[in-house]
């Protein structure tokens, strides 16, 4: 009874060569481009059904992960321009029409990211390690640390509070400085880069303060990762921690004309 | 992964990293598709709130599927 719709995960150059994808993933080829699609039931992905599903967190998580998994398997073999979650067409003809109407923009956008991947880099400052490491480069903090260790009673309390404040200010300054140094050196090792919103601790899942959340479009992965390792080695003794994610389909490097 | 990168630099991708990309970036289309752009925007905002509320559990070392929080 239910009709099928076409879920569009992303767009690749046609023909893309052999892809190792899930059995239900099909290519819809139109001229020099192909859509990576799978047939979905409109009972599940039609507009009224879909609005209901979008309130179902279990369904959402499953399908968000599936969207990314399909794209990552394509990414292993070829460059793919990712579509946003739940891009569903009613017919195959609609998918073809999209590919042909937007052919120039899609081809240009694919060329921009061809042979490149998106890597994510996040940086955090660990307060304890910073207090023992980076903060001690500040003379005033070194002196106050020594004084506080010798002080007693109420004075010890006041001085340790003063020290805490000072270390806090210094940590904020270090975080900003480290973030701008990281971003500029990572940009040099990448084709392009963007700064994403910082994630507050309750969202990042880490207690440490996030100071950098960057996405980089990279063609020389080993070179980029060597630079990242060098930065980690330089900055970790001062309390900085780095995280690398990816390779991602180039979500953050889709040209503006294709962003709705 | 190149071997000279310290293994602790590579982290498990969080659901937030995924949500920030899959729901907020990529090619955004309007027109013949079944769902409006505004609908997905709303879901994105809602999911970020939901993720913040389950983060406490994850901090305690429990990997939580976002759906579990609603059961």
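The values are calculated or read from the model by the stated rules, or taken from the named source; none is laboratory data. Since the structure is predicted, the reported quantities are computational estimates derived from the model, not experimental observations. As a convention, Cβ positions derive from the backbone with ideal geometry for all residues, glycine included, and neighbour counts pool all protein chains shown.
Sort out which residues of segment B:18-45 are at the interface with another protein chain (Cβ under 7 Å from one of its Cβ atoms), assigned to a loop (DSSP other than H, G, I, E, B) and at pLDDT 80 or above, and write them in order of number. Result: B:23, B:25, B:26. Restricting the first member to segment A:98-110 and to residues that are more than 15 Å from residue A:82 (Cα to Cα) and within 11 Å of chain B (Cβ to nearest Cβ), and the second to residues that are part of a helix (DSSP H, G or I) and modelled with pLDDT under 95, no beta-carbon pair is closer than 9 Å while six or more apart or on different chains.
Checked against (1) surrounded by fewer than 17 Cβ atoms within 10 Å (Cβ to Cβ); (2) under 29 Å from residue A:231 (Cα atoms); (3) touching a helix residue (DSSP H, G or I) at 6+ places or on another chain (Cβ under 6 Å), residue A:160 passes all but a single condition, namely (2).
Farther than 30 Å from residue B:50 by Cα and in a helix (DSSP H, G or I), is that true of residue A:66?
Details: farther than 30 Å from residue B:50 by Cα: no; in a helix (DSSP H, G or I): yes.
Criteria not met by residue A:66.
Being closer than 20 Å to residue A:252 by Cβ, more than 13 Å from chain B (Cβ to nearest Cβ) and outside any helix (DSSP H, G or I) is not true of residue A:120.
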